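Asks: Would you mind keeping the following structure in view while I ask a few things?
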Amino acid sequence: MSKPKRSIEEIENLSAMMESSIGIDKTKIFQLRESLNIALTELEYGRLDDALGFVRTGLSKMNTSPETMARMMQPTPFDEMMKEISRVPQGIALPFIKEDGEESLYLEPGAITVLVGPSGHGKTTMSLNLALFLAKQEKKIYYLSYEESAPSLVIKALSAFYGEELSANNTRAIRSYLSGEEKYIKSSHLPAFKEAIKDFKALNDSGIFIVRDDAPKEYQLEDFLRRAAEHKAAAVFIDYIQLVNMESPGRSRHEEIKALMGMMNRVAKETGLIIVTAAQFNRTVSNPMKMDMRAVSEGSDIEKTANLIIGIWNTDKKIPPTEKKDMGKEWNSVTEEGYFCSPGYAYCRVLKSREAPGGEFMIPFSGNARKISIELGEKPADIETLDHQRDSIV
């Protein structure tokens, strides 16, 4: 297994830079250099935990300088704080839950949003629609897929971008159209769809909406996120976190996810990036009332770090009668056919929000069109509340 390597010259250059820029004496620099040399040797043999131990040992010997400590004892000037606040862009409102007529859910810069649901319930569809929602506002987006190929995602994104049912199977119809066949697309949609392709192509070619399936591995991801911020990206979408390629022998999955979430949170705070990722419930989530972060592997580490977590249930999925006991009074919200409230919606519940109270909501969802209506000014202006849906069931 190949590992990133650093030469002795690079270590010496780093040591010299630290000595000249932050005034650490040569004895401590030498101690750190020795620890780094040993750590790199361990890393080349794949012993990551031992390597990290030597790095920590070296850093523990680097006492904070008196000047730095004295600065930490002083208040940060108010004007400096105001300048920092103005540097970070405002959160992007999502028209899902409203308090006193104003949106109360936001994609916050410098924070992580997590979309979580059972397999096949719309996590990727929601992620793509959110990414397009931002891209249409000329906010640069990177979409990293650890699950699907870029061509497959582009077909789904194009379907969501158009937002209508082109045929009984949008995916097949679009794939065939892009291969030169128009026969699967309803003739009434062809002119508008051709215009939509031009607009979507402009988003892609201008670098506003970028889809990558050669997603970076764990040790590359931090560098990618920082470079995305340097390239003026507003958000990076990661689909999904439990599939990020890990190369960390000796670490448990719990330790891997904890380290990954910690790194993403640190980079988000330092750069102001919006990071949106998805996670999957395990098979115990067999009805929407069971949506809970305890039903996600490594869910506690994801929950501690995330700013906003939204659980997603596709109401096109039927709920078997065996769930009646577990659902309690909420079973009254299940139709005779077995749908929760009514088909054609995504039932969403806020599982965590640091900025707003929790809540639940229904939004129009077409699995065939890959469309979740979240955009300001289009149909979601009539987003139906859950209570309205419940009341409609006889």
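Asks: Out of curiosity, is residue 282 in contact with a Ser or Thr (Cβ under 8 Å, 6 or more places away or on another chain), more than 30 Å from residue 139 (Cβ to Cβ) and assigned by TED's automatic domain parsing to the domain that holds residue 122?
Replies: Considered against the rule, which asks whether it is in contact with a Ser or Thr (Cβ under 8 Å, 6 or more places away or on another chain), more than 30 Å from residue 139 (Cβ to Cβ) and assigned by TED's automatic domain parsing to the domain that holds residue 122, residue 282 comes out as yes.
Asks: Follow-up. Scan 183, 156 and give me the residue that is assigned to a helix (DSSP H, G or I) and either touching a residue at least 60 places away in the same chain (Cβ under 8 Å) or over 24 Å from the mean Cα position of the chain (by Cα) (or both).
Replies: Exactly one residue qualifies, and that residue is 156.
Asks: Is it the case, given these coordinates, that residue 184 is among the aromatic types (Phe, Trp, Tyr) and closer than 16 Å to residue 132 by Cβ?
Replies: no
Asks: Here's something else I'd like to know. Looking only at region 247-263, decide whether some residue is modelled with pLDDT of 90 or more, on the phi > 0 side of the Ramachandran plot and part of a loop (DSSP other than H, G, I, E, B).
Replies: No, region 247-263 has no match at all.
Asks: Another question about this same structure. Quick one: which of 244, 236, 296, 211 is in contact with a helix residue (DSSP H, G or I) (Cβ under 7 Å, 6 or more places away or on another chain), at pLDDT 95 or above and under 27 Å from residue 118 (Cα atoms)?
Replies: Checking each option against the conditions leaves just 236.
Table: residues versus (1) in contact with a Lys or Arg (Cβ under 9 Å, 6 or more places away or on another chain); (2) at pLDDT 85 or above; (3) assigned to a helix (DSSP H, G or I).
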position	(1), (2), (3)
70	no, no, yes
83	no, no, yes
104	yes, no, no
109	no, yes, no
113	no, yes, no
130	no, yes, yes
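Asks: Let me ask you something else. Please verify whether residue 304 is outside any loop (DSSP other than H, G, I, E, B), at pLDDT below 90 and within 25 Å of residue 242 (Cβ to Cβ), treating the condition exactly as stated.
Replies: So residue 304 fits the description; yes.
Asks: Could you list, in sequence order, all residues of region 217-276 that are surrounded by 16 or more Cβ atoms within 10 Å (Cβ to Cβ) and of a type in the set (S, T, N, Q)?
Replies: 242, 248, 265, 271, listed by residue number.
Asks: Can you pull out every residue in region 350-389 that is hydroxyl-bearing (Ser, Thr, Tyr) and either in contact with a Ser or Thr (Cβ under 8 Å, 6 or more places away or on another chain) or modelled with pLDDT under 75 (or both)?
Replies: Scanning region 350-389 gives a single hit, 385.
Asks: Further question on the same structure: Do we have any residue at all in region 314-337 that's under 20 Å from the mean Cα position of the chain (by Cα) and modelled with pLDDT of 90 or more?
Replies: yes
Asks: Taking interchain pairs and intrachain pairs at least six residues apart, which have beta carbon atoms under 6 angstrom, with the first residue in region 345-369 and under 18 Å from residue 113 (Cβ atoms) and the second among the hydrophobic types (A, V, I, L, M, F, W, C) and not in a strand (DSSP E or B)?
Replies: Taking only residues 6 or more apart or on different chains, the pairs are 349/291; 351/293; 360/386; 363/383.
Asks: Go through (1) free of Cβ contacts under 8 Å to residues at least 40 places away in the same chain; (2) in a loop (DSSP other than H, G, I, E, B); (3) of a type in the set (Lys, Arg) and name the single condition residue 317 misses.
Replies: Answer for residue 317: the failing condition is (1).
The values are calculated or read from the model by the stated rules, or taken from the named source; none is laboratory data. A quick note: this is a predicted structure, and the numbers were derived from the prediction, not measured. Here the Cβ is made from the backbone with ideal geometry for all residues, glycine too, and neighbour counts use every protein chain on show.
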